[in-house]
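Engineer: Sharing a structure, written as structure tokens. Questions coming.
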Amino acid sequence: MTRVRADEEEYWHSSKFRAFTFDDEDDELSQLKESKRAVNSLRDIVDDDDDDLERVSWSGEPVGSISWSIKETASGSTSSLDGRDSSLQKGSSSYAALPKQASSYSLSSLFKGRNKLSSFQSLSDALSDTGVKNYAPELRRPKAEYKDYSGDWSPKDTVRRMQRGKVCSLERYRSLQDKLVLLDEAVAAHDGNVITAVLIFLKRTLRREILFRELEVRQVALCHLIHFLRETGEQKFLLDLLRTHCFFPLSLQLSQYREHLNIQDVEKRREFLKGCIGLPFSAEDASHIQDHYTLLERQIIIEANDRHLEMAGQSELFRKYPRKASILNMPLVTTLFYSCFYHYTEAEGMFSSPTNLKKTFKIPDKQYVLTALAARAKLRAWGDVDALLTTKNWLGYTKKKAPIGFHRVVEILQRNNAPVQVLQEYVRLVEDVETRLNLATKYKCHDVVIETYRDLKDRIQLTAYKCKVERGSAEEEKINSILSNVVRNAYS
């Protein structure tokens, strides 16, 4: 037992490291020297291949750590940076004392894992290795570069830098006054790109009411904003802008209204027209836009219902006369013709009823009769034609009346291949004698011609017209009867 205790005492006294005892009275300087000697002795105690220990620099940071790598790189590139501070240019003597080639850690071992390399590799060599993914953080930019982003530029300087293509942050202009000064400087520079960029910033950071109010006295900026909104298709914002600024010329309002022609989607066009209703048009134009919006709404309803009927095959009219085109985006007259063709007998309360369209859009009688007559004549519905042209007075008597004139009625009926009996009925109602004779002769309404010459007591024309009818026909017999009566009356 005594021998073992003696060996232990010899071991502790023979070590080059001093053991800690509470009786140690060395000063702080001696303790610091002892620590340095202990650190330097690690190379002798630990093998270079042992991965469980880290090499430490005199700054107290592990060699190969992220912080150490950044400082090493920074100290090596000090001479190539013009804007670096004097403190960074001097560097640290402890960093310079450690050569880069002494590190046996690769870049991948620092940030990906502890993969050993077959030979010593420096940080610069590791960076040049294309097979290793770089996880090193980006080094801080020189202060000269930071001036482009964080410099305290005046609005005028900011505009100049934007003209040169420099990156300038506009977020530091927070107050309304600063933003307006920036906009005025952009307008004064006469650079459209800069003006547009500033307007985009103001559009994003200001309420619409404030932006519209300030643009009233800045016509150049206002025109740039209108052009930008048109190019980007922000129709709602543009409509609000035009609605607010009532002093715009009417041509600008009409130009904006014409944009609906470029909108193919019917729902989007309807919403666009709804937004145009509030624009400061004249009373007549405003009424026209309101009617346009209402008509498109009606067309959407009619189209959806008729498409369903046509596909289901529930309507005989749709089966016999299939639709050739959609009713959407058609003019009012075309919509009225469509309604008279497919929905003529519907009640006035239906949106597709012709009488409903007439009442809603205040269609004149002439236009309504002309359109309805063409639609019913195309269907050869001669009874509807007769009812359309028949009116009843307050005494209950009926008579034929045509707001468009019976000569136009005859032309429409003839274009739709109306029978001669139908044509003759309306040719007789033409008041002008010469026009009546011309129409009757043109469309071979022989009875009308014979009766007109008889009423005129024109024996010569009646005799001449006898040569134009077939021999032995009823018309020839009628002419002979009239001529014989004329001769008999002359001798009586």
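The values are calculated or read from the model by the stated rules, or taken from the named source; none is laboratory data. All of these numbers come straight from a predicted model, not from anything done at the bench. Note that each Cβ is placed from the backbone with ideal geometry, even for glycine, and that neighbours are counted across all protein chains shown. With ligands, DNA and RNA removed, areas are computed over all heavy atoms of the protein, side chains included. Shrake-Rupley method; radii C 1.70, N 1.55, O 1.52, S 1.80 Å.
Engineer: Take region 342-395 and flag every residue that is over 25 Å from PRO322 (Cα atoms) and touching a residue at least 40 places away in the same chain (Cβ under 8 Å).
Structural biologist: Hits for region 342-395 are THR360, PHE361.
Conditions (1) out of contact with any helix residue (DSSP H, G or I) (no Cβ under 8 Å at 6 or more places or on another chain); (2) modelled with pLDDT under 85; (3) not small (Gly, Ala, Ser), marked per residue:
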position	(1), (2), (3)
ARG454	no, no, yes
GLU477	yes, no, yes
ASN480	no, no, yes
SER492	yes, yes, no
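Engineer: May I ask you to say which residue of LYS478, LYS468, LYS399 is among the charged types (D, E, K, R), outside any helix (DSSP H, G or I) and over 60 Å from the mean Cα position of the chain (by Cα)?
Structural biologist: Working: LYS478 fails: outside any helix (DSSP H, G or I); LYS399 fails: over 60 Å from the mean Cα position of the chain (by Cα).
Answer to the selection: LYS468.
Engineer: Now for a separate question. Give region 210-236 a look and list any residue that's of a type outside the set (Lys, Arg) and without any contact (Cβ under 8 Å) to a residue 12 or more places away in the chain, or say none.
Structural biologist: LEU211, VAL217, GLN219, CYS223, HIS227, GLU231, THR232, GLY233, GLU234, listed by residue number.
Residue-wise test of (1) open to solvent by 60 Å² or more (accessible area, probe 1.4 Å); (2) not in a helix (DSSP H, G or I).
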position: CYS168; (1), (2): no, yes
position: ARG172; (1), (2): yes, yes
position: LYS179; (1), (2): no, no
position: ALA186; (1), (2): no, no
position: HIS190; (1), (2): yes, yes
position: ILE195; (1), (2): no, no
position: PHE201; (1), (2): no, no
position: PHE212; (1), (2): no, no
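Engineer: In region 263-281, which residues are assigned to a helix (DSSP H, G or I), more than 22 Å from SER352 (Cβ to Cβ) and either hydrophobic (A, V, I, L, M, F, W, C) or in contact (Cβ under 8 Å) with a residue 24 or more places away in the chain (or both)?
Structural biologist: Start the filter on region 263-281 by keeping residues that are assigned to a helix (DSSP H, G or I), which leaves 266-276.
Of the ones still in play, those that are also more than 22 Å from SER352 (Cβ to Cβ) are 268, 271-272, 275-276.
The answer is PHE272, GLY275, CYS276.
Engineer: Is it true that some residue in region 337-346 is under 20 Å from ALA377 (Cβ atoms), touching an Asp or Glu at 6+ places or on another chain (Cβ under 9 Å), modelled with pLDDT of 90 or more and charged (D, E, K, R)?
Structural biologist: no
Engineer: With respect to HIS292, determine if the residue is in contact with a Gly (Cβ under 7 Å, 6 or more places away or on another chain) and at pLDDT 90 or above. Steps first, please.
Structural biologist: Numbers: in contact with a Gly (Cβ under 7 Å, 6 or more places away or on another chain): no; at pLDDT 90 or above: yes.
No, not satisfied.
Engineer: I would also like to ask the following. Do you know which residues across region 402-423 are under 55 Å from the mean Cα position of the chain (by Cα) and open to solvent by 90 Å² or more (accessible area, probe 1.4 Å)?
Structural biologist: ARG408, ARG415, ASN417
Engineer: In addition: Determine which single condition ASP386 fails, assuming it passes every other condition in (1) assigned to a helix (DSSP H, G or I); (2) open to solvent by less than 40 Å² (accessible area, probe 1.4 Å).
Structural biologist: Of the numbered conditions (1) assigned to a helix (DSSP H, G or I); (2) open to solvent by less than 40 Å² (accessible area, probe 1.4 Å), the odd one out for ASP386 is (2).
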